[in-house]
Amino acid sequence: MFDLIIRNANLPDGRNGIDIAIEKGKIVEVAARIEASAGEEIDATDRLVSPPFVDPHFHMDATLSLGLPRMNRSGTLLEGIALWGELRPILTREALVERALRYCDLAVSQGLLAIRSHVDTSDPRLVTAEALIEVREKVAPYLDLQLVAFPQDGYYRSPGGVDALDRALDMGLDIVGGIPHFERTMADGAASVAALCRIAADRGLPVDMHCDETDDPMSRHIETLAAETVRFGLQGRVAGSHLTSMHSMDNYYVSKLIPLMAEAQINVIPNPLINIMLQGRHDTYPRRRGMTRVRELMEAGLNVSFGHDCVMDPWYSMGSGDMLEVGHMAIHVAQMAGIEDKKKIFDALTVNSAKTMGLEGYGLEKGGNADLVILQARDPVEALRLKANRLTVIRRGKIIASSAPRIAELSLAGRPATVDGAAYAPITPSP
């Protein structure tokens, strides 16, 4: 007798008709037919069962603050930065906690059960750190939340930035952040990368830097980050987020850069929704897409994962906590429309992001944590096409969110009474 058995599941790796047995919050068996009973059974009815979605790059201290203290009328990055500068001094711990918890509710409903959030440490009050540490404790039973000490106004550029970051880490933030391209000079940016990597090495912490989030092809701090990663022995523990300048770099330089990144085992985190929205604003036509070189980085063996970055905040008025929306945009912007391409995109929302965050027990293997999502789609390709409804979200073997199938009712003479968008999947011919 198991606690729960999910039957007739399609798995992301292509296996069909699979049962998953769960006991005491763990996956104890994955097989074509499990001859056993359980306290509860769920028939997945040949729908996709996936490990939960993972967002390795988010700003939870700003989420759901859209309209405070005013709207971003231009929709630009620079006005968003100015707006955050106006809002930050009047932030309260209580309001930050309330907004973050509301967002976590939304995330859970979307099957998003792990988030890495950057926490602005540029305000010496560090109210953002206090609030998100409280949130991390409150959501721990149902969501893994990692916190990055992020000197948003620049580690050296912001008055008191060096001290504030150290204090934030002492308070218990998990990861060392940075923003070298926002320092006053390229030299200061390079110096900040070296200093922050040294702090991470000394404290035994990972690194996650906003790196080269610009259209300037001469913004090359990712090269310094790769070098300092090797210098301090941080291989596999460092993430470069955004990397949008790579979109504008010449191919010869990139042919040198990508092998350096691979040597350092850099985790790459593009943010398709935000990158396509905020970059290329100085262009007329042709207008650059602004997202980093996803296909080339994947082909070089780097771990590429996608972040949502923002939801309804000063920088981005859109967003729904749906990582499939992130992947849907990535397919278009990266022009990765092939079947295998789309499977890689799905991995960048799940297993790759889990690797970036270092999540233990993640996946659909025997012995792993019983964290799963049942989607109203047949396979990862269809899930991305449909931005599929999450029918059931399970955390440690317990159902924590559920939705009815998305079915439309028709009133058309001679036509079906209902329409299920997931039933429009193409028929795949036999090999």
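The values are calculated or read from the model by the stated rules, or taken from the named source; none is laboratory data. Not measured: the values here are computed from a predicted model. Cβ coordinates were reconstructed from backbone atoms using ideal geometry, including for glycine residues, and neighbour counts include every protein chain displayed. What goes into the accessible areas is simple: the full protein's heavy atoms, side chains included, and nothing from ligands, DNA or RNA. Shrake-Rupley method; radii C 1.70, N 1.55, O 1.52, S 1.80 Å.
Among Thr350, Thr356, which is in contact with a Phe, Trp or Tyr (Cβ under 8 Å, 6 or more places away or on another chain) and closer than 30 Å to Gln279 by Cα?
One residue alone meets the criteria, Thr350.
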Query raised in the report: Can you tell me which of Asp212, Asp208 is surrounded by 23 or more Cβ atoms within 10 Å (Cβ to Cβ), in contact with a His (Cβ under 8 Å, 6 or more places away or on another chain), within 18 Å of Leu349 (Cα to Cα) and acidic (Asp, Glu)?
Result: Asp208
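Any chance you could count how many residues in segment 1-17 are part of a strand (DSSP E or B), open to solvent by 40 Å² or more (accessible area, probe 1.4 Å) and free of Cβ contacts under 8 Å to residues at least 40 places away in the same chain?
Summing the residues that are part of a strand (DSSP E or B), open to solvent by 40 Å² or more (accessible area, probe 1.4 Å) and free of Cβ contacts under 8 Å to residues at least 40 places away in the same chain in segment 1-17 gives 2.
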Query raised in the report: Taking interchain pairs and intrachain pairs at least six residues apart, which have beta carbon atoms under 6 angstrom, with the first residue in segment 115-129 and in contact (Cβ under 8 Å) with a residue 40 or more places away in the chain and the second among the basic types (Lys, Arg) and open to solvent by 10 Å² or more (accessible area, probe 1.4 Å)?
Result: Asp123/Arg88
**Report entry** Long-range neighbours under 6 Å by Cβ, at least six apart or interchain, first residue under 15 Å from Thr121 (Cβ atoms) within segment 203-214, second open to solvent by 10 Å² or more (accessible area, probe 1.4 Å)
**Finding:** His210/Ile179
**Report entry** Scope segment 315-372; condition closer than 21 Å to Leu106 by Cβ, small (Gly, Ala, Ser) and touching a residue at least 60 places away in the same chain (Cβ under 8 Å); matching residues
**Finding:** Ser317, Ser320, Gly321, Ala330, Ser353, Ala354
Query raised in the report: What number of residues in segment 124-167 are farther than 17 Å from Leu91 by Cα, aliphatic (A, V, I, L, M), open to solvent by 10 Å² or more (accessible area, probe 1.4 Å) and assigned to a helix (DSSP H, G or I)?
Result: 1
Query raised in the report: Going by the conditions given, is Ile400 of a type in the set (A, V, I, L, M), open to solvent by 60 Å² or more (accessible area, probe 1.4 Å) and either in a helix (DSSP H, G or I) or more than 26 Å from Leu64 (Cα to Cα) (or both)?
Result: no
Report task. For Arg99, indicate whether it is touching a Leu at 6+ places or on another chain (Cβ under 6 Å), open to solvent by 10 Å² or more (accessible area, probe 1.4 Å) and under 23 Å from Met312 (Cβ atoms). Result -> yes
Report summary line: segment 18-109: strands (runs of 3 or more DSSP E) wholly inside it with 3 or more residues that are within 21 Å of Asn369 (Cβ to Cβ) and among the aliphatic types (A, V, I, L, M) are 18-23, 26-31, 38-50
**Report entry** Of all residues in segment 340-364 being acidic (Asp, Glu) and more than 22 Å from Asp174 (Cβ to Cβ), the one that is surrounded by the fewest Cβ atoms within 10 Å (Cβ to Cβ)
**Finding:** Glu340
Query raised in the report: Hey, any hits in segment 210-217 for a residue that's closer than 23 Å to Thr128 by Cα and either basic (Lys, Arg) or part of a strand (DSSP E or B) (or both)?
Result: yes
Report summary line: Quick count over segment 280-301, residues being open to solvent by 80 Å² or more (accessible area, probe 1.4 Å), modelled with pLDDT of 95 or more and of a type in the set (Val, Ile, Thr), is 0
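A quick yes/no check of all residues on (1) outside any strand (DSSP E or B); (2) open to solvent by 50 Å² or more (accessible area, probe 1.4 Å); (3) closer than 20 Å to Arg15 by Cα:
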site: Lys366; (1), (2), (3): yes, yes, yes
site: Ile374; (1), (2), (3): no, no, yes
site: Ala377; (1), (2), (3): yes, no, yes
site: Val381; (1), (2), (3): yes, no, yes
site: Leu391; (1), (2), (3): no, no, yes
site: Val419; (1), (2), (3): no, no, no
Requested in this report: With respect to Ala200, determine if the residue is closer than 18 Å to Ala264 by Cα and open to solvent by 30 Å² or more (accessible area, probe 1.4 Å).
Outcome: no
